[in-house]
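Enquirer: This structure is in structure tokens; I'll ask about it shortly.
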Amino acid sequence: MKSDVIIISNDGTGMDDALVQAEKVAQYKGLQPRNAMHLRLLTEEMLGMMRSITGQREGNFWIEDQDKMFQLHLQMETPMSFDKQEKLLAASRSGKNEAAKGIMGKIRAFFDPLDWADAPMPMNPEAMNSASTWSMNAYRQMVKEGLEQEQEGAAEAWDELEKSVVSNIADDVKVSIQGRRVEMIIFLQVRAQQ
């Protein structure tokens, strides 16, 4: 099932409608209160991230589900020049990112073309689906390995992951760039409650 697509912007337009949409999906799917709350919290986090993006931008928000896996989508078109694309691809190959702090900061970097040179890409090729896709689970694994190897900054990155609502509730977050389209998908697997 795919919900209606809601047009949202960082000035707040459509955000109440997106929250209502999450509640309607939870009700229609008969989610238990805890699962419904998680769906709403992840929607709020996604919309909060949208609000913090600089510049006047609009995006599309919708929810899909299949076999108890819910996907919250946020898709935006963002201006990108050839030079910015080259910087993005160069950064993804090097795996370096010092600018974006915290899990949401790393995700946010994808939505601002000025930060694309600092977009958070996993350091090892096995963790990537392509040169322009980032996964929270791959990032978590990379940070965990860095922590085990006592790499500089790994403890701080792990602490930020532990404090993140999205990191603690979502099963994964994937962000991809294809041309001028940037899309974030937050995955939530609904589990039976006891």
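Enquirer: Does Leu89 meet the test of being modelled with pLDDT of 80 or more and not in a strand (DSSP E or B)?
Expert: Spelling it out, it is not the case that Leu89 is modelled with pLDDT of 80 or more and not in a strand (DSSP E or B).
Enquirer: Let me ask something else. May I ask you to verify whether Gly59 is assigned to a helix (DSSP H, G or I), under 20 Å from Ala170 (Cβ atoms) and not polar (S, T, N, Q)?
Expert: Numbers: assigned to a helix (DSSP H, G or I): no; under 20 Å from Ala170 (Cβ atoms): yes; not polar (S, T, N, Q): yes.
For Gly59, the condition - assigned to a helix (DSSP H, G or I), under 20 Å from Ala170 (Cβ atoms) and not polar (S, T, N, Q) - is not met.
Enquirer: Let me ask another. Which condition number does Ile177 fail, the rest of (1) crowded, with 17+ Cβ neighbours inside 10 Å; (2) β-branched (Val, Ile, Thr); (3) under 19 Å from Glu44 (Cβ atoms); (4) in contact with an Asp or Glu (Cβ under 9 Å, 6 or more places away or on another chain) being met?
Expert: Unmet condition: (3).
Enquirer: Being over 20 Å from the mean Cα position of the chain (by Cα) and either surrounded by 15 or more Cβ atoms within 10 Å (Cβ to Cβ) or in contact (Cβ under 8 Å) with a residue 12 or more places away in the chain (or both) is the filter here, so list the residues in region 148-174 that pass it.
Expert: Selection gives Ala154 alone.
Enquirer: While we're on this one: Can you tell which of Gly55, Gly14 is outside the structural domain of Trp134 (by TED's automatic domain parsing), farther than 24 Å from Ser167 by Cα and modelled with pLDDT of 90 or more?
Expert: The conditions single out Gly14.
The values are calculated or read from the model by the stated rules, or taken from the named source; none is laboratory data. Since we're looking at a predicted model, the values are computed, not measured. In this analysis, Cβ positions are derived from the backbone assuming ideal geometry, glycine residues included, and neighbour counts consider all displayed protein chains.
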